[in-house]
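The structure appears right after this line, and notes come after that.
The values are calculated or read from the model by the stated rules, or taken from the named source; none is laboratory data. The model shown is predicted, which means the values in this text are computed figures rather than measured ones. Using ideal geometry, Cβ is built from the backbone for each residue, glycine included, and neighbour counts are taken over all protein chains shown.
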Amino acid sequence: MKFRLVAGVDEVGRGPLAGAVVAAAVILTPERWIDGLADSKALSEKRRNELDVEIRKNALAWSIARAEVEEIDRINILQASLLAMKRAVEALEIQPEHLKIDGNQKIPMPISMETIIKGDAKVASISAASIIAKVARDKEMLELDRKYPEYGFARHKGYPTKAHRDALQKYGALCCHRKSFKPVKEVLNLDHTV
């Protein structure tokens, strides 16, 4: 069955120890095609930022949504990711007839959809969603870096690198850290009594 309005949906930030999980939904149109779309992880930061501008300008519709750290800790990262994607679809100015979702999990919504493993590298609209979600989340990490430079968020974007885990051990957990994630939980359970 051929659908006219198809939205690509993807999320960014399932693995980090800090920050929200951010999702995007994008409806592209053949009349305003965007060259160079690819999995956001395969692009340089400069190229992602350029494409982010093009997608926002040329897509028929786009939206970005999120699930906050408190929601991640309450319902788990998978459910929070699906919630962020659902919110992104609901926030579109034009409602799609069909969704193409990166990965193997469907969103709990009454709409036609399909899941595509590695869809961010195969389907243009999913690539576009992946790019604008990543650019939005990376900007949030840069803001966190300005507030808490000792944690190195600008470099690791909240992912559990050695530098991030070391900073957690040294400085403790912030309100932006996901308390349900093991490395954060371990820091919170440290006995700080003398």
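List of remarks:
- Search result, residues across the range 5-20 that are part of a loop (DSSP other than H, G, I, E, B) and closer than 14 Å to Leu92 by Cβ: Leu5
- Single residue of the range 34-51 satisfying the filter (among the acidic types (Asp, Glu) and either within 17 Å of Val9 (Cβ to Cβ) or assigned to a helix (DSSP H, G or I) (or both)) that is modelled with the highest pLDDT: Glu50
- Against the criterion of being more than 20 Å from Ser81 (Cβ to Cβ), among the β-branched types (Val, Ile, Thr) and either touching a residue at least 12 places away in the same chain (Cβ under 8 Å) or surrounded by fewer than 20 Cβ atoms within 10 Å (Cβ to Cβ) (or both), Val123 does not qualify.
- Hits in the range 162-186 (condition: loosely packed, with under 15 Cβ neighbours inside 10 Å and either farther than 24 Å from Gln79 by Cα or in contact with a Pro (Cβ under 8 Å, 6 or more places away or on another chain) (or both)): Lys162, Ala163, Asp166, Gln169, Lys170, Tyr171, Gly172
- Condition check for Ser81: in contact with a Gly (Cβ under 6 Å, 6 or more places away or on another chain), of a type in the set (Ser, Thr, Tyr) and assigned to a helix (DSSP H, G or I): no
- In the range 57-74, residue nearest to Ala7 (Cα to Cα) [restricted to those that are among the acidic types (Asp, Glu) and assigned to a helix (DSSP H, G or I)]: Glu71
- Only one of the numbered conditions (1) out of contact with any Phe, Trp or Tyr (no Cβ under 9 Å at 6 or more places or on another chain); (2) touching a residue at least 60 places away in the same chain (Cβ under 8 Å); (3) of a type outside the set (A, V, I, L, M, F, W, C); (4) buried (at least 17 other Cβ atoms within 10 Å of the Cβ) is not met by Glu71, and that is (2).
- Filter result for the condition that a residue is surrounded by 15 or more Cβ atoms within 10 Å (Cβ to Cβ), free of Cβ contacts under 8 Å to residues at least 60 places away in the same chain and part of a helix (DSSP H, G or I), over Glu54, Glu31: Glu54
- Single residue of Ala88, Ala128 found to be surrounded by 21 or more Cβ atoms within 10 Å (Cβ to Cβ), assigned to a helix (DSSP H, G or I) and touching a Ser or Thr at 6+ places or on another chain (Cβ under 6 Å): Ala88
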